[in-house]
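Peer 1: The structure that follows is given in the form of structure tokens.
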Amino acid sequence: MKTHPTPGARPAHLNRRSLLGASAAAALTASGLPALAQSKTVLRISTPAVPDDWHARMWTVFKDTLEKSAPGEFDVQINLNGALFKQGTEPTAMARGNLELTSISAFDIAKQVPEFSIFTAGYIIRDPAHQQKVFNGPIGAEMFKAVADKMDITVLNTCYLGTRQLNLRDTRSVKTPADLKGVKLRMPGSKEWLFLGEALGATATPLAFGEVYLGLKSGTIDGQDNPLPTVRAAKFYEVTKQLVLTGHLVDAQFIVVSNKLLAGLGAAQRQKLQAAALAASQFNNENRIKEESQLVEFFKKEGLQVSTPDLDAFHKTVQAAYQNSDYAKIWPKGLLDRINAAK
Ligand code: KDO
């Protein structure tokens, strides 16, 4: 098992040594008193999420749960705001052994597991309950096996990131996708994301999450799409005037762990990791769903115009774009029907 000296524990140990002198410290260690010198298994976590968003805060729940169930065994290091790895580079970092845990999207997975692009398509997953049914049942099991095989990571849990809505810098009448013609809509930087933006009728513009606030403020982009809790947590409402409730993607974040790390853990430790991921996910899901239902009022109070478009028109246009695309050609036969039938 690959363990790293615990950054938190090591300085304390060194301090003690320098205070007591080497022989006294050795005696203490031999008596088993300070566990300070033991190395813990380091779990480096990286996410672009901002501290106040639920899928950032859930990592504290993960850490606390693990510290209770496996005291002294793990050193959980949480890195937010994309400070450790840039958005989208986490899977590569995990493959190289530089990162143990993160949460990633269907879009991140689709880059390496092309059939996973079915979950990047708009208006396929209906709501959070449907999402849990799909990913916690046989469909999830099959798809996650492909993820483990091709990406060398294991999905521990599926979290609800929220339902993505349009958020515009200036107000405009948006009834159908045609009304978004020419709108520079920021999307995260991959072809699957850009396809979704174009399917919505906009001109999709790639930009990293961390640059969206300034992009909206300065006007290099006309809008962005994200779930309402993220619009609040990242303060996008401060630099936008409108929300269009398209609900185009019931988005997920998959909590993943590197197989390199798992290979070095015993069965009991794996189980504890899994339980901590479940606790984190439940915390995220409960809070996010609750907040999502309250935020429209908050944004209205903040002065944003909130409108609902012709959802039928959006469904039809977006679904047609996917059905006629190369993506649909590689979706496993019958998978869409099975997803639709999951209850
Ligand atoms: C975003 O960049 O819009 C996005 O919502 C995409 C998600 O897949 C995820 O990376 C998320 O950002 C970040 O976790 C920040 O909330």
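Peer 1: Can you tell me which of LEU168, LEU156, LEU161 is at negative phi and either of a type in the set (Asp, Glu) or within 14 Å of the ligand (Cβ to nearest atom) (or both)?
Peer 2: Result: LEU161 is the single residue among LEU168, LEU156, LEU161 that is at negative phi and either of a type in the set (Asp, Glu) or within 14 Å of the ligand (Cβ to nearest atom) (or both).
Peer 1: For region 212-227, enumerate the residues that are of a type outside the set (Ser, Thr, Tyr), more than 8 Å from the ligand (Cβ to nearest atom) and either free of Cβ contacts under 8 Å to residues at least 24 places away in the same chain or in a strand (DSSP E or B) (or both).
Peer 2: LEU214, LYS217, GLY223
Peer 1: For region 126-140, what are the residues that are closer than 19 Å to ALA275 by Cβ and open to solvent by 30 Å² or more (accessible area, probe 1.4 Å)?
Peer 2: Step one: of region 126-140, the residues closer than 19 Å to ALA275 by Cβ are 132, 135-136, 140.
GLN132, ASN136 - these are the residues of region 126-140 that are closer than 19 Å to ALA275 by Cβ and open to solvent by 30 Å² or more (accessible area, probe 1.4 Å).
Peer 1: Just give me the residues in region 312-343 being under 26 Å from the mean Cα position of the chain (by Cα) and within 11 Å of PRO177 (Cα to Cα), in sequence order.
Peer 2: Listed by number, the residues that qualify are PHE314, HIS315, VAL318.
Peer 1: State whether the residues of region 192-208 include one that is within 14 Å of ASP53 (Cβ to Cβ) and aliphatic (A, V, I, L, M). Full working, then the answer.
Peer 2: At the first step, the residues of region 192-208 found to be within 14 Å of ASP53 (Cβ to Cβ) are none.
No, every residue in region 192-208 fails to be within 14 Å of ASP53 (Cβ to Cβ) and aliphatic (A, V, I, L, M).
Peer 1: Can you find even one residue in region 195-207 that is within 15 Å of the chain's Cα centre (by Cα) and either modelled with pLDDT of 95 or more or away from the ligand (no atom under 12 Å from the Cβ) (or both)? Break it down into steps so the answer makes sense when it comes.
Peer 2: We begin by selecting, within region 195-207, every residue within 15 Å of the chain's Cα centre (by Cα); these are none.
Among the residues of region 195-207, not one is within 15 Å of the chain's Cα centre (by Cα) and either modelled with pLDDT of 95 or more or away from the ligand (no atom under 12 Å from the Cβ) (or both), which makes the answer no.
Peer 1: Can you work out which of the residues in region 74-97 that are open to solvent by less than 40 Å² (accessible area, probe 1.4 Å) and part of a loop (DSSP other than H, G, I, E, B) is nearest to ALA234 (Cα to Cα)?
Peer 2: So, considering only residues that are open to solvent by less than 40 Å² (accessible area, probe 1.4 Å) and part of a loop (DSSP other than H, G, I, E, B), the one nearest to ALA234 (Cα to Cα) is GLY82.
Peer 1: Okay, next question. Of the numbered conditions (1) open to solvent by less than 20 Å² (accessible area, probe 1.4 Å); (2) more than 24 Å from ASN157 (Cβ to Cβ); (3) in a helix (DSSP H, G or I), GLU238 fails exactly one; give the number of that condition.
Peer 2: Checking GLU238 against (1) open to solvent by less than 20 Å² (accessible area, probe 1.4 Å); (2) more than 24 Å from ASN157 (Cβ to Cβ); (3) in a helix (DSSP H, G or I), the one that fails is (1).
Peer 1: Which of the residues belonging to region 40-73 are within 17 Å of the chain's Cα centre (by Cα) and part of a loop (DSSP other than H, G, I, E, B)?
Peer 2: THR47, PRO48, ALA49, VAL50, PRO51, ASP52, ASP53 - these are the residues of region 40-73 that are within 17 Å of the chain's Cα centre (by Cα) and part of a loop (DSSP other than H, G, I, E, B).
The values are calculated or read from the model by the stated rules, or taken from the named source; none is laboratory data. Remember, predicted model here, so these are calculated numbers, not experimental data. Neighbour counts run over all protein chains shown; Cβ positions are idealised from the backbone, glycine included. With ligands, DNA and RNA removed, areas are computed over all heavy atoms of the protein, side chains included. Shrake-Rupley method; radii C 1.70, N 1.55, O 1.52, S 1.80 Å.
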